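The values are calculated or read from the model by the stated rules, or taken from the named source; none is laboratory data. Owing to the predicted nature of the structure, the values given are computational and were not obtained by experimental measurement. Note that each Cβ is placed from the backbone with ideal geometry, even for glycine, and that neighbours are counted across all protein chains shown. All accessible areas refer to the heavy atoms of the entire protein, side chains included, with ligands and DNA or RNA removed. Shrake-Rupley method; radii C 1.70, N 1.55, O 1.52, S 1.80 Å.
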Amino acid sequence: MAGFTEGKSGGSIKGQGYVAAGAQAKVLAVHAADHPDFRLAYHPRRWDFFTDSKGENGRWLPVLRRIALSPGTNNIDKDGSKSYAYTLLREAGWEIIEPDRVEVQGADSYIQVFPAIGGLAHYPAWTSVKMNGGKPIFKTDEQGYQNWLAAVVEELDLELDPDVKEMIIARIEAEHVADLAEAAVNLKAKIRAEAQGKRLDAMKGNVPSKADKAKAGGK
Amino acid sequence: MAGELTLSALSDATVSASLHQEIIRKLGDRASLLMHPAMRYLGSVNGTGSNVKKATLWGGDLDAMAAVAEGSSASNTAITNASVSVTVARQAIQRSVTDLGALTWSYSNIESLIEKLSSDMAGSAKRRATSIICDIVDGFTLTAGSTGVDFSVTNWFTAQGLLQDGSNEGPFLAILAPEQVKNLQASLRAETGPLQFHPATPELMAIKGQGYVGSFMGVDIFQSSLVVTANAGADVAGCMMAYGAVSWADGFPTPLIGAGGIKLSEGPFYVGLERDESGGLTKVVGNLYFGAAMTQDAMGVSIITDAP
C-alpha cells in the first residue's frame with residue numbers, strides 16, 4: 001500500500017499494473033511506497049567516526065536520520081503536511097536539513113528519484129543503480145557523501161560536543177575491552193579488537209572538534 | 001515411417017502449458033510488525049473528532065520526596081510529563097480486473113480472482129505498516145554499532161546495556177535488516193560458553209508471526225528487508241527497543257450498506273469493491289487507516305552498521 005495524500009489533485013491512486021520483469025524492465029524492480037520522499041535531519045548526539053574504504057582518513061561527522069515524508073509516518077499528516085511533524089522533531093532536538101540547503105556536487109539536491117513500481121522511488125543523491133539481469137544493484141559513493149557531510153558541518157556550523165565525543169569513545173572502548181577479553185579463544189573477537197583498536201586511536205587522536213580547536217587557540 | 005501422431009501433429013488437441021492447480025507464493029519478504037505486541041496501540045480515531053491520537057506520558061511518580069526541616073514548609077514540585085502523538089492517514093492499494101480476466105481465472109474452484117486479490121490486500125497492508133515502523137526506528141538518538149563496521153555480538157550487548165541504563169524493563173525487541181541478522185549469526189558462531197541463539201521454530205513463527213528469526217539473550221529478533229538504510233546507503237539502521245517504544249493508531253471506515261466490500265479478519269483493513277459496468281471492470285481497493293510514531297526516544301537504540 002502507499003500513503004495516500006488526501007485532497008490533492010491527481011490524488012487518485014493508480015492501479016498496480018503489470019510490470020515487465022527481466023532485462024527489458026523500464027522501471028526499478030522496487031516498490032515506490034517503500035522509498036518515499038524524505039528529508040535528512042541532524043541531532044547533536046548522533047555522531048560517528050567515518051573513514052574511507054581502507055579505514056584511513058577518519059573524521060568525526062554527524063549520523064543523519066532519514067525522515068520519511070509519508071502520511072501516517074511520524075505525524076506526517078493526511079495531506080502530506082509536515083508542519084506538525086517538524087514541530088515535534090524540533091522540540092526533540094532535531095534540525096531538518098532541506099534538500100538544497102547544502103550544495104551537493106553535480107546535483108540540485110540530495111534526493112534523486114527513479115521510476116519504480118507504483119510511482120517514483122526516492123534515493124539519496126550518492127546512490128547509483130544499475131539493472132543487471134532484471135535486478136537492481138545499488139552502490140553508494142561513500143566518499144562523496146562524507147565530503148557533503150563535512151560541508152554540512154561547515155555550512156550549518158555544527159559542532160561535536162566534547163562530552164558526546166567522550167561518551168561515544170567510551171562506548172567503543174568498552175566494546176574493545178570486551179573483544180580483547182575474548183580474543184584468546186575467539187578469532188573473530190581478536191580480529192574485531194585489532195580493527196577497533198586502530199579506530200580508537202584515530203578517534204582519540206585526530207580531527208579535533210571546534211571546541212578542541214578553540215581550546216588549543218586559547219592556550 | 002511417415003504420419004506418426006507426435007505432440008506437434010496433435011497440436012490442435014494439445015495446449016502449450018497446463019496450469020498447476022495450486023498457487024505457489026513468489027519469494028518475498030512477508031514479515032509483518034502490524035499489531036505486534038511490541039508496538040503500543042493507542043486506539044482508533046473513529047468518532048474522536050481528530051485523526052491525531054495523543055497519549056500522556058506521566059512522570060509524577062518519578063519525583064522523589066526530599067527531606068524538609070522541622071518547622072519548614074515543603075515547596076511545590078512540578079510534574080514531569082510529556083505526550084506522544086500519532087497521526088492516522090489513509091494507506092491504500094487498488095487493482096482493476098476486467099470481467100474477462102475474472103471469469104477465465106482458472107483457480108475459481110479454490111477462490112475467485114476478486115476474492116484472491118482482496119485477501120492479498122491483507123499482505124499489502126501489513127507490508128505498509130511494517131515499512132512505516134521501519135521508517136521510525138532508525139531515529140533513536142541512542143545508537144550502537146559503527147558506520148562501515150559489521151554488526152557483532154559486542155554491539156548487541158552495547159544496545160542491550162544502553163536500554164537497561166535508561167531504566168527500560170524487558171522484554172525487548174530487535175528489528176534488524178537481513179545483513180545485520182547474518183552478521184550477528186556469524187559473530188555468534190565463534191562464541192563459546194553459555195551464549196545461545198534460539199532459532200525460530202515453525203511453532204514459534206506461528207505465534208510470533210513471519211519475520212521472527214529467533215531470540216538471543218531474551219530479546220526477540222525480527223528481520224525485515226524494509227529496515228531502512230543510513231548514511232546514503234552505506235549502512236543499515238535497525239534497532240533494539242523496549243516494548244511500547246513505537247505507538248500506532250488506526251481507524252476503520254463504516255462500510256456503506258449496499259456497497260460491495262469485504263472486512264478482512266486479519267486486522268483493521270477494509271477492501272471495497274467498485275463496479276464499472278460500462279467498462280466491464282471491477283475495482284478492488286484495499287484501505288488501511290494507520291499511523292505510527294516514536295513513543296519515547298530513550299526506549300530504543302538505533303543500530304547503525306555496515307550495509308552489504
**Prompt:** What number of residues within the range A:92-106 are within 13 Å of chain B (Cβ to nearest Cβ), among the charged types (D, E, K, R) and more than 9 Å from A:Tyr42 (Cβ to Cβ)?
**Reply:** 0
**Request:** Inspect all residues belonging to the range B:90-101 and state whether any of them is acidic (Asp, Glu), over 27 Å from B:Ile221 (Cα atoms) and either out of contact with any His (no Cβ under 9 Å at 6 or more places or on another chain) or at the interface with chain A (Cβ under 10 Å from one of its Cβ atoms) (or both).
**Result:** yes
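This table checks each residue for (1) touching a Leu at 6+ places or on another chain (Cβ under 6 Å); (2) over 30 Å from A:Lys135 (Cα atoms); (3) of a type in the set (S, T, N, Q).
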{"site": "B:Leu27", "(1), (2), (3)": "no, no, no"}
{"site": "B:Glu70", "(1), (2), (3)": "no, yes, no"}
{"site": "B:Thr87", "(1), (2), (3)": "no, yes, yes"}
{"site": "B:Trp105", "(1), (2), (3)": "yes, no, no"}
**Message:** Of all residues being open to solvent by less than 30 Å² (accessible area, probe 1.4 Å) and more than 11 Å from every other protein chain (Cβ to nearest Cβ) in the range A:184-209, which is modelled with the highest pLDDT? Just the residue, please.
**Reply:** A:Gly197
**Item:** Every residue from the range A:135-150 that is open to solvent by less than 40 Å² (accessible area, probe 1.4 Å) and assigned to a helix (DSSP H, G or I)
**Value:** A:Gly144, A:Tyr145, A:Gln146, A:Trp148, A:Leu149, A:Ala150
**Request:** For the range A:74-87, state whether one or more residues are at the interface with chain B (Cβ under 8 Å from one of its Cβ atoms), modelled with pLDDT of 85 or more and closer than 16 Å to A:Leu149 by Cβ.
**Result:** no
**Residue satisfying condition, being under 30 Å from B:Val86 (Cα atoms) and in contact with a Leu (Cβ under 7 Å, 6 or more places away or on another chain), within set A:Ile76, A:Ile111, A:Ile117, A:Ile172** = A:Ile76
**Request:** Being open to solvent by 50 Å² or more (accessible area, probe 1.4 Å) and modelled with pLDDT of 90 or more is the filter; apply it to the range A:171-183 and report the residue that is nearest to the other protein chains (Cβ to nearest Cβ).
**Result:** A:Ala174
**Asked** Out of the range A:121-134, which residues are surrounded by 14 or more Cβ atoms within 10 Å (Cβ to Cβ) and over 15 Å from A:Ala107 (Cα atoms)?
**Response** A:Ala121, A:Val129, A:Met131
**Item:** Count of the range B:3-27 residues which are within 30 Å of B:Gly211 (Cβ to Cβ) and free of Cβ contacts under 8 Å to residues at least 24 places away in the same chain
**Value:** 6
**Prompt:** Would it be correct to say that B:Gly161 is open to solvent by less than 60 Å² (accessible area, probe 1.4 Å), small (Gly, Ala, Ser), part of a helix (DSSP H, G or I) and within 14 Å of chain A (Cβ to nearest Cβ)?
**Reply:** yes
**Message:** Would you confirm, using the coordinates I've provided, whether B:Asn46 is more than 14 Å from chain A (Cβ to nearest Cβ), among the polar types (S, T, N, Q) and under 33 Å from the mean Cα position of the chain (by Cα)?
**Reply:** yes
**Message:** For the range B:138-154, which positions are part of a helix (DSSP H, G or I) and more than 7 Å from chain A (Cβ to nearest Cβ)?
**Reply:** B:Val153
